[in-house]
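The values are calculated or read from the model by the stated rules, or taken from the named source; none is laboratory data. Here the structure is a predicted model, which means the values were calculated and not measured. Neighbour counts run over all protein chains shown; Cβ positions are idealised from the backbone, glycine included. The area values use the complete protein model at the heavy-atom level, side chains included, leaving out ligands, DNA and RNA. Shrake-Rupley method; radii C 1.70, N 1.55, O 1.52, S 1.80 Å.
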Amino acid sequence: MKLREDQIERYSRQIILSEIGGKGQSKLLEASVLVIGAGGLGSPAALYLAAAGVGQLGIVDSDRVELNNLQRQIIHSTGDVGRPKVDSARDRLHSLNPDIRIIPYNLRLTSANIMEIIEDYDIIVDGSDNFPTRYLINDACVLADKPLSHGAILRFYGQVYTILPGESACYRCLFPEPPPPGAVPNCQEAGILGAVAGIIGLLQANEVLKYILGAGKLLNGRLLTFDALDASFREVKVLRDTDCPVCGDRPTITELIDYEEFCQL
Amino acid sequence: MSITVQIPTPLLKLTGDRSEVTADGADVKELIEDLEENFPGIKERICDETGQVRRFVNIYVNDEDIRFLQRENTPLQDRDRVSIIPAIAGG
Ligand SMILES: [Zn+2]
């Protein structure tokens, strides 16, 4: 792909990085990334991916913007309250960078629609806010062999992890089953600091950019955790589980599961 | 013997908001019993009725997942660092 004058100017500060260059910028412009959730994690992730010139950005969300979202979901503005989040996100991303294609999906992901949606993308960003969707996304990405950036947050704490199906451990290798309803509080019940959402969402964007560029070392095989009160990062090893129900040697999950009936948080 | 234990966000209420506590035990099972004595209620959040660590909680001894060591029987040594990490879903 030959870069236009305005593209060279827009992306000049990253094109001068030896890990990127004109070649890397072309890779970014030819890449497609699906951001699931235009919320606390998806907002910063999508903004930075759009700014970096990721050529196609899909955004999935079925919610409308609420006033209590704005403390952390920085892709939306006060005037967007009441609008579908994907519309608000599309407008903001388009005004930031009209050079890229933004595809809104105003829907809730289910076992019936996820496979055809992720099919069109190179890598998936999980910025969803509930366990049923997270396990659905993991299983779909493993079955479809799509790389997945996982991020999750609670109060002053966050986790980031990158999944390369077939190569490194998936989310079920890490946590084989979702907790029963009510066992782990969500952000609505327990609260979340906006800056924590920003930090974790940007670590996810950082993983996606490195994946596309083939630069550096990804967070596959290691779970990075962040504690905002300590201002500390920690890392633990994540091994591939040969008994993993979806990516193990004898997988028991060969079809997608909709967990919502017994696991509504 | 003194082992440092990292307490995850969802369990902080049980430790009076202390994210790092010290505990004793020759193995992980004993460590959990010791935690339960000091912070009643913490064991049932980590383990199921049979005493096994729950499927959405992991315990790491010096950054290694005990499921790939000797599970609840994984031996502990003075100054080991134990992390309890549960699945969280917020976004
Ligand atoms: Zn797996």
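Does the range A:234-250 contain at least one residue that is surrounded by fewer than 16 Cβ atoms within 10 Å (Cβ to Cβ), within 16 Å of the ligand (Cβ to nearest atom), facing chain B (nearest Cβ under 8 Å) and part of a strand (DSSP E or B)?
yes
Inspect all residues belonging to the range B:63-79 and state whether any of them is within 30 Å of A:Val196 (Cα to Cα), among the polar types (S, T, N, Q) and open to solvent by 10 Å² or more (accessible area, probe 1.4 Å).
No.
Out of the residues in the range A:13-26 that are open to solvent by less than 90 Å² (accessible area, probe 1.4 Å) and not hydroxyl-bearing (Ser, Thr, Tyr), which is farthest from A:Met1 (Cα to Cα)?
Quick first cut of the range A:13-26, residues open to solvent by less than 90 Å² (accessible area, probe 1.4 Å) only: A:14-15, A:17, A:20-22, A:24-26.
When the remaining residues are screened for being not hydroxyl-bearing (Ser, Thr, Tyr), the result is A:14-15, A:17, A:20-22, A:24-25.
Numbers: A:Gln14: 17, A:Ile15: 14, A:Leu17: 18, A:Ile20: 14, A:Gly21: 13, A:Gly22: 9, A:Gly24: 10, A:Gln25: 9 Å.
So the residue we want is A:Leu17.
Please list, ordered by first then second residue, the pairs with beta carbon atoms under 7 Å, 6 or more apart or interchain, first in the range A:102-129 and under 19 Å from A:Tyr171 (Cβ atoms), second open to solvent by 50 Å² or more (accessible area, probe 1.4 Å).
From residues that are under 19 Å from A:Tyr171 (Cβ atoms), the pairs are A:Thr110/A:Asp258; A:Ser111/A:Ile257; A:Ser111/A:Asp258; A:Ile123/A:Tyr211.
Among the listed residues A:Ser43, A:Ser32, which satisfies the condition of being of a type in the set (S, T, N, Q) and surrounded by 22 or more Cβ atoms within 10 Å (Cβ to Cβ)?
A:Ser43
Does the range A:199-217 contain at least one residue that is within 16 Å of the ligand (Cβ to nearest atom), in contact (Cβ under 8 Å) with a residue 24 or more places away in the chain and open to solvent by 20 Å² or more (accessible area, probe 1.4 Å)?
From the range A:199-217, those within 16 Å of the ligand (Cβ to nearest atom) are none; that's our starting set.
Looking through the range A:199-217, none of the residues is within 16 Å of the ligand (Cβ to nearest atom), in contact (Cβ under 8 Å) with a residue 24 or more places away in the chain and open to solvent by 20 Å² or more (accessible area, probe 1.4 Å).
Looking only at the range B:80-91, filter to residues that are more than 10 Å from chain A (Cβ to nearest Cβ) and farther than 22 Å from A:Asn186 by Cβ; which one of those is most open to solvent (accessible area, probe 1.4 Å)?
The residue in question is B:Asp80.
Can you tell me which residues in the range B:47-65 are outside any strand (DSSP E or B) and away from every other protein chain (no Cβ under 11 Å)? Lay out the reasoning, then the answer.
Of all residues in the range B:47-65, those outside any strand (DSSP E or B) come to B:48-52, B:54-56, B:62-63.
B:Glu49, B:Thr50, B:Gly51, B:Gln52, listed by residue number.
Only one of (1) within 14 Å of chain B (Cβ to nearest Cβ); (2) over 17 Å from the mean Cα position of the chain (by Cα) fails for A:Leu143. Which number is that?
Failed condition: (1).
Quick one: in the range A:148-183, which of the residues that are within 15 Å of the chain's Cα centre (by Cα) and within 14 Å of the ligand (Cβ to nearest atom) is surrounded by the fewest Cβ atoms within 10 Å (Cβ to Cβ)?
Taking the range A:148-183 and keeping what is within 15 Å of the chain's Cα centre (by Cα), we get A:148-153, A:158-164, A:170-171.
Those still in the list that are within 14 Å of the ligand (Cβ to nearest atom) too: A:148, A:150, A:161-164, A:170-171.
Working: A:Leu148: 27, A:His150: 27, A:Tyr161: 27, A:Thr162: 25, A:Ile163: 30, A:Leu164: 18, A:Cys170: 27, A:Tyr171: 27.
Within the range A:148-183, the match that is surrounded by the fewest Cβ atoms within 10 Å (Cβ to Cβ) is A:Leu164.
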